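The values are calculated or read from the model by the stated rules, or taken from the named source; none is laboratory data. Fair warning: this is a prediction, and the values are worked out from it, not measured in the lab. When we count neighbours, we look across all protein chains shown, and the Cβ atoms used for this are built from the backbone with ideal geometry, even at glycine. The protein model used for the area step is the full one, side chains on, heavy atoms only, and it has no ligands, DNA or RNA in it. Shrake-Rupley method; radii C 1.70, N 1.55, O 1.52, S 1.80 Å.
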Amino acid sequence: TTLGGSRTGDVIIGNQPHLGNNCTVFAGGMVLGKVYLGDNCIVGANSLLLSDADENGIYIGSPAKKLKREEIY
């Protein structure tokens, strides 16, 4: 799992992810850049998240896309 800037030196300019409460990033998941993960968000295994994630959202793929409610069950 990787959480960080997408380029060297990003931490100096605050270009790193910010995770809300109770977030889960599964094995191999990557969250890169200035991205905010809302509370209770899930990033699937081997997924690449490059944009903000909604609260209670589930994101999978590379690049990661939000699952629709009917795709979850």
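What to note about this one:
- Count - residues of the stretch 45-54 that are at pLDDT 95 or above and over 9 Å from the mean Cα position of the chain (by Cα): 2
- Only residues that are more than 16 Å from T1 (Cα to Cα) and outside any loop (DSSP other than H, G, I, E, B) were counted across the stretch 18-54, and they come to 2.
- Test: residue in the stretch 66-73 that is modelled with pLDDT of 90 or more and either of a type in the set (S, T, Y) or open to solvent by less than 50 Å² (accessible area, probe 1.4 Å) (or both): yes
- Residues (more than 13 Å from T24 (Cα to Cα) and outside any strand (DSSP E or B)) located in the stretch 55-68: S62, P63, L67, K68
- Look at (1) among the polar types (S, T, N, Q); (2) touching a residue at least 12 places away in the same chain (Cβ under 8 Å); (3) open to solvent by 40 Å² or more (accessible area, probe 1.4 Å) and you find that T8 fails only one, number (2).
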